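The values are calculated or read from the model by the stated rules, or taken from the named source; none is laboratory data. Remember, predicted model here, so these are calculated numbers, not experimental data. Using ideal geometry, Cβ is built from the backbone for each residue, glycine included, and neighbour counts are taken over all protein chains shown.
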Amino acid sequence: MEARINIGQVEPEAYKAFMAVENYIAKSKISKTHKELIKLRASQINGCAYCINMHSKDARKNGETEQRIYLLNAWKEVKDLYTEDERVVLALTEEMTLIAKGGVSDETYNAAKALFDDNHLAQIMVAIMMINAWNRMAISTHMQPA
């Protein structure tokens, strides 16, 4: 696959805007575990090899286990491996990533509202939106895993 335009080089202001959102997310209430689960699961759904590679490495650095990484795409089938809040974050990630398939269900949204205050929930949603934007950038420009 031939590399395409490097948006960060051609439009550095756009890239800086993406990074500003990333800096906001880094300072948010979202736990490192939740951040990496969001990034990895959305990247799996979107088929972004670049981001799957990066975020599986980052998850390991943050203490994530091999088993949880390997089973992430089947998290619904593994009842005791992911906590209740992780399961809600993963459900929200999937529904927002697959937005054209019906959007975020009331069930998922209400489960998230029961666990997270409005600020925390908004931060989680922004993190999901951001990884989806990164995935689209990486896939569209043929970014390759290191």
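Given the criterion over 18 Å from residue 17 (Cβ atoms) and at pLDDT below 95, identify the matching residue among 146, 91. It would help to see each step written out before you state the result.
Working: 91 fails: at pLDDT below 95.
Going through 146, 91 in turn, the sole match is 146.
Name the single residue that is farthest from residue 116 (Cα to Cα) among those in the stretch 12-41 being of a type in the set (A, V, I, L, M, F, W, C) and touching a residue at least 60 places away in the same chain (Cβ under 8 Å). Can you show your working first?
From the stretch 12-41, those of a type in the set (A, V, I, L, M, F, W, C) are 14, 17-21, 25-26, 30, 37-38, 40; that's our starting set.
Add one more test, that the residue is touching a residue at least 60 places away in the same chain (Cβ under 8 Å), and what stays is 18, 21, 25, 30, 38.
Values: 18: 25, 21: 20, 25: 16, 30: 10, 38: 15 Å.
My answer is 18.
Kindly list, by first and then second residue, each pair from a residue in the stretch 42-56 that is closer than 23 Å to residue 88 by Cα to a residue that is aromatic (Phe, Trp, Tyr), limited to pairs with Cβ atoms under 7 Å and residues at least 6 apart or on different chains.
Close Cβ pairs satisfying both conditions: 51/134.
Can you name every one of the helices (runs of 4 or more DSSP H) wholly within the stretch 1-51 that holds 2 or more residues which are modelled with pLDDT of 95 or more? It would help to see each step written out before you state the result.
Details: elements: 7-10, 12-26, 32-46.
In the stretch 1-51, the matching helices (runs of 4 or more DSSP H) lie at 12-26, 32-46.
For every residue, the table says whether it meets (1) over 20 Å from residue 99 (Cβ atoms); (2) under 12 Å from the mean Cα position of the chain (by Cα); (3) surrounded by 14 or more Cβ atoms within 10 Å (Cβ to Cβ); (4) among the β-branched types (Val, Ile, Thr).
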position	(1), (2), (3), (4)
39	no, yes, yes, no
50	yes, no, yes, no
53	yes, no, yes, no
56	yes, yes, yes, no
64	yes, no, yes, no
68	yes, no, yes, no
75	no, no, yes, no
84	yes, no, no, no
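Collect the residues in the stretch 86-110 that are surrounded by 18 or more Cβ atoms within 10 Å (Cβ to Cβ) and among the small types (Gly, Ala, Ser), keeping them in residue-number order.
Of everything in the stretch 86-110, just one residue is surrounded by 18 or more Cβ atoms within 10 Å (Cβ to Cβ) and among the small types (Gly, Ala, Ser), namely 91.
So which residues in the stretch 70-88 are closer than 17 Å to residue 46 by Cβ and either touching a Leu at 6+ places or on another chain (Cβ under 8 Å) or modelled with pLDDT under 95 (or both)?
72, 75
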